[in-house]
Amino acid sequence: MFSLRSRLLSLLMLASAAAPLSAAEKIVEATDDERTFSVRSRLKVEGTLLTAGVDGKSTSLKTTVDGKLTYLERRLPPGGRDAEALRSMRNYQLAEAEIAVGDRKTVSRLEKSSQQIVAEGRREGVRVYSVTGPMTYDNVELLRTPGDSLALLGLLPLTEIEAGATWTPPAWVLPSLTGVEAVSESTLNCKVEKLDTQFAVVGFQGRIVGAVSGAVTKIDVKGQIAFDLAKKHIRQAVVEQEEDRAIGAVSPGMKVKATIYVDRAPVAGSAAFSEAILSRIPINTEPQQLALWFDAPWGVRFAYDRNWHVFHQKDNVAVLRLMDAGSLVAQCNVSQMPTLAPGAVTPINQFQDDIRTSLGAALKGISEAAQTKLANGATLYRVVATGEAQKVPMHWLYYLSIAPDGRQTAFVFAVESRLVEQLGQRDREMVESVLYVGSKAGK
């Protein structure tokens, strides 16, 4: 089912054997193309991940990824210019990845509730969201691959071309293709390697230096596209990407080589793309559509925006870090607390005493202590503490969420005092979205 590499090589060989074409051709897919495409891709990654040690030395772990994606895709009206003109609706039949890091092996799969996806071109990569509600961080990462079928369209030339023609795509194309956010250096060149009566084969090669989630990143990329001249669409593609990323505030470093094979073919229309469904997709995406769900193993679910990154997670604690414009703004520790009897609450004075004990000499004072009853019946405490950590003025925003059945979850936001305004209301938005799901559990 996924022998895409051999199929692509066979197609390229057929293209080279066909009769050459002397006339100029235009190879582009119209923005108003209403066809439905079946897309299959296979991602292979090999290399090492680098993690920071307590002694300042990094640890290298061998890593491999074997990803498989199958989906139907139909273009949506442009949402803007350049990368934002690329939008599509997708229905995923398969999305999974086998991941090995050191001795640990995991399998990531797309949840059935997130099969209906909107993909939107952005300069920093293709952005995806589910039309049925928030996705998880893992599911978003699963669908973000180099050489995305939507981003590949940016490589096509804007003018007619002949065999041997060369061009430089617009500056937004390579960041969108690779997912690099803050670009300091970028070069990308395309060339028509073969042109005949059936296919145009376009080779491309480039390098980009910048940052991903604040981590310095260098990527070398090359590949080929086979464009069907009769049916006017990208038929197949192969993309090879070598990435060297430094250890960042929210992610490990990596030195990996990724290869992705993409196969696209027009198919009969799908009920998943009915006019009733497509008409409900807004041109301008709302913030709530981009929210992510975090599901804690102790029966707690909360929403957060995509600037938060899951940095660490264990059975009863999780650490999230907030990145904004490539800089670390705040850290949030989420932890399970002992379960109380139904209807009981921890006294807020006891909560404040626990904070004083935890911060010790770093604490200078408590400037706010408030208690709120939320619409879902939960009791929420908010305590704002100020002080210093390593001579840096700090704010610590403590929250304790207590469910009617006695389950408790604590949130601690640590933010430098000068960045409190930049944090804004994102702490409140996270804790006020808490839902208690499943059965009562706790210590």
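The values are calculated or read from the model by the stated rules, or taken from the named source; none is laboratory data. As the structure is a computational prediction, the values presented were derived from the model and not from experiment. Cβ atoms come from the backbone with ideal geometry, glycine included; neighbour counts cover every protein chain shown. Surface areas here come from the heavy atoms of the whole protein model, side chains and all, with no ligands, DNA or RNA. Shrake-Rupley method; radii C 1.70, N 1.55, O 1.52, S 1.80 Å.
In degrees, nearest 10, range 0 to 90: what is the angle between the Cα axis of helix 4-17 and the longest Cα principal axis of the chain? Result, in degrees: 30. The amide H of His233, built 1.01 Å from its N in the peptide plane, has Asp228 as neighbours under 5 Å, considering only residues 5 or more places off or on other chains.
Can you tell me the alpha carbon radius of gyration of the chain divided by the globular rule-of-thumb value 2.2 N^0.38 Å?
Compactness ratio reported: 1.11.
Segment Gln350..Asp324, full-extension length gain: 5.9 nm, with 0.36 nm per residue of separation and the alpha-carbon distance subtracted.
Residue-wise HN-Hα couplings along region 199-208, as the Karplus relation 6.51 cos²θ - 1.76 cosθ + 1.60 with θ = phi - 60° gives them from phi, are 9, 10, 9, 10, x, 9, 7, x, 9, 9 Hz; Gly and Pro carry x.
Across the chain, the mean sequence separation of Cα contacts (distance under 8 Å, 6 or more residues apart), normalised by length, yields a relative contact order of 13 percent. In this rough spin-label picture, where each label sits 7 Å from Cα along the Cβ direction, the Thr31-Ala265 distance is 3.1 nm.
Cα axis of helix 348-359 to longest principal axis of the chain: angle in degrees, 0 to 90, nearest 10? Once rounded, one gets 70 degrees.
The 3J(HN,Hα) values that the Karplus relation (6.51, -1.76, 1.60; θ = phi - 60°) gives for region 284-295 are, in residue order, 9, 5, 8, x, 5, 6, 9, 5, 10, 9, 10, 10 Hz. Gly and Pro appear as x. A convex hull fitted around the alpha carbon atoms of region 253-306 yields 236 Å³ per residue.
Using θ = phi - 60° in the Karplus curve 6.51 cos²θ - 1.76 cosθ + 1.60, the 3J(HN,Hα) couplings for region 175-189 round to x, 5, 6, 9, x, 7, 8, 9, 9, 10, 8, 7, 9, 8, 9 Hz; x is entered for Gly and Pro. Just so you know, the averaged projected area of the alpha carbon convex hull for region 216-275 sits at 7.0 nm². Over the heavy atoms of Arg122, what accessible area does a 1.4 Å probe trace out, to the nearest 10 Å²? Solvent-accessible area, nearest 10 Å²: 40 Å². Remark: for residue pairs Lys68/Lys222; Lys105/Lys257; Lys62/Lys222; Lys105/Lys255; Lys232/Lys257, the C-alpha separation exceeds 26 Å in Lys232/Lys257.
In plain terms, if you count all Cα to Cα distances in region 299-443 and split them into 10 Å steps from zero, the share in each step is 11, 42, 37, 10, 0 percent. Taking 1.306 mPa s as the viscosity and 10 °C as the temperature, the Stokes-Einstein diffusion coefficient of region 67-112 based on its alpha-carbon Kirkwood radius rounds to 123 µm²/s. For Leu340, the residues 5 or more places off, or on other chains, whose built amide H falls under 5 Å of its own are Arg407, Gln408.
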